[in-house]
Each structure stands twice: as structure tokens, then as C-alpha cells.
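Colleague: One structure, as C-alpha cells, below. Some questions next.
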Amino acid sequence: MTLPFFFLEFMTGLASAASLFLLAVGLSLIFGALGIVNFAHGSFFALGAYFLFALTHGDASGFWHYLLLAVAASLVVGAVVERVFIRRVLNRAEHYQILLTYALLLIIEDVSKICFGADYKSIGMPKGFEMPVFVLGIPFPSYYLGLVGLAAATALLLWLFLHRTRYGTLVRAVTQDREMLEALGVNVPLLFTVIFAVGIGLAGFGGAVSLPLQSISTGVAVDAVISAFIVVVVGGLGSLWGTLLAAILIGEIQAFGALVLPEFSIVFAYVLMAAVLLFRPWGLLGRPPTVRT
Amino acid sequence: MNRTFNRYFGLMLLVVVAAELVLAQQPPIKIGELNVLSGSFAAYGKSGRQGAQLAIDEINASGGLLGRKLELIQVDDQAKPDVGVQEAKRLILDEKVNFLVGIDSSSVALAVAPLTNEYKTPLVVMHGATPALTEQCNPYVFRTSNNARMDANAAADLAAKLPYKRWANIGPDYEYGHSSWNDFIARLKEKRPDVEVVGEQWPKGGESNYTPYITALVQQRPEAVFSALWAGDLVTFVRQSNAFGFFKQIKLFVDPIGAALESIGPLGKEAPLGELFSTRYWFLQSQSPTNKKFVDAYHSKWGEWPSYNAEEHYAGVQMLAAAVRKANSLDADAIKKAFEADAGLTYEAPEGKKWMRPADHQVFEALVWGYTTPSNDYPFVVLKDITMIPESDTVYPTKCK
């Protein structure tokens with residue numbers, strides 16, 4: 001393989017990594033703070049894409065301003081779901097939480113079938129990104145570069161929010177000691193709603209900006225949540241940079257894997273996950289548990 | 001004068017009411033239609049139903065079949081063979097359908113075909129195109145649409161006349177994709193021994209991300225690419241390819257069902273131009289009164305132009321009705337005889353003559369190929385520089401007797 005093509009594959013891998021990161025980072029954030037394993041996370045990724053498709057009617061020229069609306073809608077859905085459903089199982093045993101989020105996955109799947117139809121949705125490249133750019137003499141989708149930029153900016157903003165703002169400090173604190181925070185007079189239920197909504201908003205954002213990369217139809221939610229879990233498990237649950245690293249690893253593994261063994265490219269991601277689970281069960285950048293609960 | 005008119009009118013009314021009563025007393029003839037109604041191929045299920053329904057409405061309006069009304073029951077086979085078999089069994093056993101029709105996916109068609117022997121319920125396939133289906137010489141399986149071998153052979157004949165030597169394939173990784181490419185490249189190599197295959201890409205049917213396949217194709221540097229991608233798969237592939245400027249890097253893209261309205265419709269201005277596409281029926285091609293009447297009726301009923309799947313389902317139901325009339329019975333063996341008798345049933349469809357070969361129950365018909373070009377009259381690309389492949393050129397040998 002020549003250098004330009006190596007670069008082409010590498011950038012393609014980065015573009016899918018960008019999509020994977022946006023999908024998985026919300027899952028990681030929600031688990032870190034609320035301790036909820038959200039099986040419905042892929043459904044919110046799909047919902048974001050459905051919202052965008054419905055708003056644009058499949059015409060990519062209105063992509064950017066409808067993107068904001070789609071993300072706003074996802075935030076609202078996230079907040080409502082947390083208030084109505086998630087809140088009730090926060091202090092219950094884990095299997096209640098899993099049953100609830102799995103039920104949500106099924107319900108959202110059927111509701112979106114009714115609302116948006118069972119056919120596939122796809123959209124062209126967004127305004128301003130219709131033409132390829134030439135990288136080392138080879139055409140490359142400009143939108144893929146845009147997507148990588150969006151994901152990088154999101155990662156940076158999230159880090160700044162978590163580590164440089166007071167509210168971000170509270171988010172990190174609540175992952176450590178919920179009771180102490182409540183004792184200090186912090187409105188923890190509201191904090192949970194905000195975190196859950198932001199996590200879902202990120203998933204919706206990921207789904208919406210991924211629509212030009214991949215068409216969606218029924219079943220996308222399950223595929224998405226599986227990918228999200230692989231990324232989070234490999235990176236380490238609750239770790240922002242771990243999620244980013246794992247997304248890049250898996251994106252690249254799939255891009256280059258498709259060249260070597262096209263039919264089995266999906267297997268490589270599972271192999272990586274199995275290896276991580278065997279040798280570093282807490283994930284690449286996750287913290288090893290001090291006390292098992 | 002007025003009184004005479006009233007008398008005639010009253011008499012006519014009486015006849016119509018009496019006919020309605022007779023029709024109402026007879027149980028309807030039930031037709032079970034299997035289509036894909038979800039996922040990448042869902043648009044085909046919709047057009048298939050609309051075409052079949054139009055035929056059924058026309059038949060019912062003119063008195064039904066054998067004095068009975070027709071009733072259509074459509075189910076979603078999800079393009080999955082196991083779901084198709086399960087739904088077909090349900091249609092036969094619970095809904096007590098007299099016929100099974102439709103079927104978009106070749107894999108589903110192959111899986112459902114054996115049921116026709118088990119339950120003696122005739123199956124009329126109107127879309128699923130693998131040649132293997134009619135090579136099974138199944139007594140109660142009929143295909144009223146042309147198959148993929150006829151399309152692929154025509155594509156190879158056209159491609160043989162072009163200067164391109166480096167060919168690649170990207171097709172859906174199931175029966176239809178593989179049989180199309182195998183037939184195409186075998187025939188092309190026969191006619192042009194200098195042709196070289198530089199690569200084959202096999203994304204799964206319903207693939208959502210074609211990027212790895214596109215980058216692989218780019219690296220193989222083909223001059224021309226053959227593809228049996230269809231429906232949503234083709235739409236998604238074209239959009240992602242456009243992002244790579246892929247169609248500018250190759251000289252020709254060939255797709256036997258690329259000009260289906262279910263694909264070029266959603267693509268609109270994003271459709272690649274100057275590519276060699278076919279479609280099993282092109283609504284602008286035939287200037288016959290039959291076609292004009294069909295296009296007008298379809299457009300006024302459904303508010304869209306008839307795609308090939310719509311026309312094939314319309315024509316398939318009409319052709320089945322012709323066989324039922326000829327047999328004057330719903331019995332599977334009588335239907336088989338009616339299709340086979342007199343050197344095979346022929347039917348004048350909107351697209352032209354359909355002839356069913358008695359030996360293998362495969363319909364042969366003329367094919368239309370052309371190059372995509374923008375249109376001022378329609379919001380999608382249309383075909384120009386059209387080549388018609390006559391029915392006689394589509395016939396290939398069969399081992400069925």
C-alpha cells in the first residue's frame with residue numbers, strides 16, 4: 001500500500017472513530033455519574049439521526065441549523081427520560097436498571113418505526129462539504145475531516161467543562177460520593193438530570209452528524225449500543241480520554257481490517273475487547289477498582 | 001325518449017346491483033403478497049403493493065375473477081429467508097390464500113419456493129431475480145419479471161462494445177449480487193478475453209457504511225465498475241461515493257437496476273451522470289396506449305410515477321389473472337397448465353410483451369438500457385441514448401423440460 005492510500009485509510013478510520021466517540025462518550029459519562037448501564041443508549045443515537053432526517057426531509061442543504069434543533073430535541077428527550085424513568089431505578093438493584101433501559105430500547109425502536117417509518121434514512125453530504133478535498137493527490141470526503149474536527153472539539157469542550165468549571169467539578173464529585181454532595185447542599189437530582197440529558201444529547205449529536213456517513217434503519221440502535229459498549233469497555237468505563245483512545249483504536253482497526261479481511265472486519269473489534277477484558281478488565285485508561293461492590 | 005332512457009338505466013342498475021350481490025356472496029380470491037417493507041429495501045415493498053393493488057382494483061371493477069373479488073394481503077418478509085418462510089406459511093395456513101405473489105429478495109424467493117410443492121399453492125415471483133429460482137424447474141413456481149441473468153447478459157453485451165479493460169465489482173453479498181456478477185463477468189470475458197478483473201467488493205445487503213469498500217475500490221483503480229447494488233443500498237453507496245468523488249475517478253458505472261425510481265428518486269441531483277443503467281421497466285419508454293393508460297392510472301391513484309417494481313407487480317397480477325381465466329379454476333395444476341399451454345402464456349404488459357417459457361416458467365421480455373442524464377421535466381435523472389435489447393436476445397438455454 002502506498003503512503004497516500006495508507007493516509008486515506010487512516011483518515012477514514014478517524015472519521016468512524018469520531019462517530020464512535022460521540023456515541024460512546026455519553027454512555028461513559030452517564031455510567032460514571034449515575035451508575036446506570038444504559039442499554040437504550042444506541043436508541044438515542046438513532047433518535048438524533050431520525051430527528052435530523054425528519055427536520056431536513058432528507059435534503060442535506062439544511063443540515064447545519066437543523067442539527068442544532070436535533071441536538072436540542074435529544075437533550076429534552078434525555079431530561080424527560082431521566083425524570084420519568086431513570087430516577088425511579090437509581091437506588092434499585094442493577095437488574096432493574098438493565099430491564100428498564102432494555103425496555104426503553106425496544107419501546108423507542110417501535111415508536112420510531114411508527115413515527116419515522118421502517119425504511120432506511122440516508123442523507124447527502126452537508127452544505128459546504130459536498131466536494132472532496134485532495135489529500136496527497138487523492139480525493140477525500142471533506143465532511144469526514146469536518147466530523148473529526150467536531151469530535152475533537154467536543155472532547156476538548158467536555159474536558160474543559162469537567163475540569164475547569166464549577167459544575168464540572170460537581171459532576172466529577174458525584175461520581176465519587178453522592179451522599180457527601182447532598183449533605184453539602186448540592187441539588188443532586190437536578191445534577192443527575194443534567195448529566196443524563198447531556199449524555200443523551202451527545203448520543204443524539206453523534207447520530208445526527210453520522211447520518212451522512214451511514215444510512216440508518218431499524219436495528220441501528222442495537223448495532224450502535226454494541227459498538228458503544230465495546231468502545232467504553234476497551235477505553236474504561238467513565239474515562240473520557242479512554243473513550244477517545246478506544247474509539248480511535250476501533251475505528252482504525254475496522255478501516256485497516258476491512259482491507260485485509262473484508263468479511264471479518266467487525267471481528268477485530270471484538271478481539272480487541274476480549275484481549276482488554278483478559279489483561280486489563282478495567283479498560284485501557286480506566287481506574288482499577290480498589291473495592292469491589 | 002326520456003322514459004326509454006330511464007328504463008334502460010334502471011335495468012343497468014339492476015344488473016350492476018345483482019352482479020355486486022353475486023360477487024359479495026362468493027368468498028374473495030385471496031392473494032398473499034410478500035415484500036420487503038422495512039430497512040434498505042422498503043421503498044420496493046411500497047411500490048410493489050401499489051402496482052398489485054392497482055391491478056386488483058381494475059380486475060374487481062370489471063367483475064372480478066371467476067365471479068369472485070380479489071383481495072390482497074401484504075406482509076413484510078424483511079428480506080430475511082426465515083421470516084419469508086414463516087410469513088408464507090402463515091398466509092397459506094391461517095389466511096388461506098390461493099396464491100403467493102411478489103417477493104423482492106432472491107434469497108427469500110429461494111426459501112419460499114419449496115412450500116409450493118408442500119401446500120400446492122402457486123407462487124408468482126414478480127421481482128426476486130436469481131436465475132436459480134427458475135432453474136429448479138418447480139411445477140408451481142412462476143416468474144413474471146425478467147431475471148438477473150438476462151440483465152447481466154445484456155450488460156455484458158453492451159460492455160463488450162466499450163473500450164474498458166479494467167473491471168471491478170461491488171455487489172450485495174447474497175444470492176442476487178453474486179449471480180449477477182458471475183453471469184456478467186463470464187459473458188464479458190467470453191466476448192472480450194482482454195478484460196481483467198481488478199477487484200471484487202462484497203458489502204452485506206443493507207450495509208450502512210460503504211466507506212471501506214469505496215477506499216478499497218479507489219485503490220484498485222478500475223476503469224469501469226459493475227454493481228448489482230439496489231434500493232437504499234445503492235442510494236447510500238452513491239452518496240458516500242460522491243463524497244469521495246468516486247464517479248469522477250472511474251470511466252463507467254454499470255448497474256442493471258440502477259435506474260429504479262426507488263433509487264434515482266431519493267438521489268435526485270446526487271445521482272451520477274453518464275452511467276450505464278437499466279431498469280426492468282422505464283415508464284417513459286413505451287409509447288403504447290397500454291403503457292400510457294397504466295402510467296396515468298398509477299400516477300392519479302398514488303401520486304407518483306410507476307417504478308419497475310410497481311409495473312412488474314401490476315403486470316404479474318394481470319398475468320396471473322389471465323392464467324386463472326384461461327384455467328377457469330384456482331387449482332394449482334390447472335394454473336400450471338394455463339401458463340404452459342399454447343407455447344407459453346403471453347401478456348401485453350405496459351412495458352411490452354411478456355412470454356412465459358413453458359419449460360422453466362420464466363418470463364422473457366425486452367430490456368431497456370441507457371445513460372443517466374439530468375431532466376428538466378422530472379426531479380430525477382432519466383435515461384438517454386437508450387438501447388433496447390429485444391426479447392429474443394434475452395433467451396438463454398434451460399435444462400428444465
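The values are calculated or read from the model by the stated rules, or taken from the named source; none is laboratory data. The model shown is predicted, which means the values in this text are computed figures rather than measured ones. Glycine gets a Cβ as well: all are built from the backbone with ideal geometry, and neighbour counts include every protein chain shown. The area values use the complete protein model at the heavy-atom level, side chains included, leaving out ligands, DNA and RNA. Shrake-Rupley method; radii C 1.70, N 1.55, O 1.52, S 1.80 Å.
Colleague: Suppose R0 equals 30 Å. What FRET efficiency, 1/(1 + (r/R0)^6) with r the Cβ-Cβ distance, do A:R164 and B:K269 give to the nearest 0.05?
Modeller: For R0 = 30 Å, the calculated efficiency reads 0.10.
Colleague: Hey, another quick one. Can you give me the span-like helices of chain B, meaning DSSP H runs with 27 Å or more of Cα extent along the axis and Kyte-Doolittle mean at or above 0.5?
Modeller: Sorted by number, the helices that extend far enough and score high enough are B:2-25.
Colleague: Tell me, how many Å apart are the Cα centres for the range A:1-63 and for the range B:320-370?
Modeller: Spelled out, the Cα-based centre of one part sits 50 Å from the other.
Colleague: Where in chain A are the helices, taken as whole DSSP H runs, whose Cα atoms extend 20 angstrom or more along the long axis and whose Kyte-Doolittle mean reaches at least 1.6?
Modeller: Passing helices, by number: A:3-34, A:63-81, A:188-210, A:220-235, A:240-260, A:265-279.
Colleague: Please report, as a whole percent, how much of the solvent-accessible surface of the protein assembly as shown comes from carbon and sulfur atoms (probe radius 1.4 Å).
Modeller: 61 percent
Colleague: Can you give me the Cα centroid spacing of the range A:237-282 and the range B:167-201 in angstrom?
Modeller: Cα centroid of the range A:237-282 versus Cα centroid of the range B:167-201: 33 Å apart.
Colleague: Check each residue of the range A:112-130 and keep those whose accessible area, probe 1.4 Å, is at least 20 Å² smaller with all protein chains in place than in the chain alone; give them in order of residue number.
Modeller: Residues of the range A:112-130 that lose at least 20 Å² of accessible area once the other chains are added: A:A118, A:D119, A:Y120, A:S122, A:G124, A:M125.
Colleague: Convert each backbone phi in the range B:372-378 into a coupling constant with the Karplus relation 6.51 cos²θ - 1.76 cosθ + 1.60 (shift: θ = phi - 60°), then list the ³J(HN,Hα) values in order as whole Hz, x for Gly and Pro.
Modeller: Per-residue couplings from phi come out as 6, 8, x, 10, 8, 9, 10 Hz.
Colleague: For B:Q74, what residues show an amide H to amide H distance below 5 Å, using hydrogens built from the backbone and excluding near sequence neighbours?
Modeller: B:E33
Colleague: Anyone know which of B:S263, B:S47, B:S38 comes out most mobile in the 10 Å Cα GNM of chain B?
Modeller: B:S38
Colleague: How far apart, in nanometres, would the label points at A:R83 and B:L284 be if each is projected 7 angstrom from Cα along the Cα-to-Cβ direction?
Modeller: It works out to 5.3 nm between the two label points.
Colleague: Next question. Mind telling me which of A:L249, A:L29, A:L90 comes out most flexible in a GNM of chain A, alpha-carbon contacts under 10 Å?
Modeller: A:L90
Colleague: Return the long-range amide H neighbours of B:V125 (sequence gap of 5 or more, or a different chain), with a cut-off of under 5 Å between placed amide H atoms.
Modeller: B:F142, B:R143, B:T144
Colleague: Given the range A:3-279 reduced to its alpha-carbon atoms as identical point scatterers, what log10 I(q)/I(0) does the Debye formula return at q = 0.13 Å⁻¹?
Modeller: Calculated log10 I(q)/I(0) at the listed q: -0.87.
Colleague: At a probe radius of 1.4 Å, figure out the B/A buried accessible area, summed over both chains, and give it in Å² to the nearest 100.
Modeller: 2200 Å²
Colleague: Computed FRET efficiency, Cβ-Cβ of B:S392 and B:D82, R0 56 Å: what is it to the nearest 0.05?
Modeller: Approximately 0.90, to the nearest 0.05.
Colleague: Treat each spin label as a single point 7 Å out from the Cα along the C-beta direction, and report the B:L162 to B:V197 distance in nm.
Modeller: Modelled inter-label distance: 1.8 nm.
Colleague: Sticking with this one: Sorted by accessible area (1.4 Å probe), largest first, how do B:L188, B:L72 line up?
Modeller: Most to least solvent-accessible, the answer reads B:L72, B:L188.
Colleague: Which of rounded, prolate or oblate describes the range B:138-277 when judged by the alpha-carbon gyration tensor and an a/c cut-off of 1.5?
Modeller: Oblate shape, in that a/c is at least 1.5 and b/c is the bigger or equal ratio.
Colleague: Sticking with this structure for a sec: Decide, for the range B:215-369, between rounded, prolate and oblate: order the square roots of the alpha carbon gyration tensor eigenvalues as a ≥ b ≥ c, take rounded if a/c falls under 1.5, and otherwise choose prolate if a/b is larger than b/c, else oblate.
Modeller: Prolate, because a/c is 1.5 or more and a/b exceeds b/c.
Colleague: Sticking with this structure for a sec: Do any cysteines of the protein assembly as shown lack a neighbour Cys whose Cβ is under 4.7 Å away, and which are they?
Modeller: A:C115
Colleague: Whose amide H sits under 5 Å from the amide H of B:V225, counting only residues 5 or more places off or on another chain, with H placed in the peptide plane?
Modeller: Here the answer is B:A168, B:L252, B:F253, B:V254, since their amide H atoms fall under 5 Å of that of B:V225.
Colleague: Kindly work out what percent of the DSSP beta bridges joining two residues of chain B are antiparallel, to the nearest 5.
Modeller: Roughly 35 percent of the DSSP beta bridges within chain B come out antiparallel.
Colleague: Given labels modelled 7 Å from the Cα in the Cβ direction, how far is it in nm from A:L261 to B:A359?
Modeller: Reported label-point gap for A:L261 and B:A359 is 4.4 nm.
Colleague: Could you provide, to the nearest whole Å², the per residue accessible area of the range A:96-171 with probe 1.4 Å?
Modeller: Averaged over the residues of the range A:96-171, the accessible area is 51 Å².
Colleague: What stretch of chain A, leaving out the sites themselves, is the longest with no trypsin sites (Lys or Arg not before Pro) in a DSSP loop having at most 16 other Cβ atoms within 10 Å?
Modeller: The answer is A:128-291.
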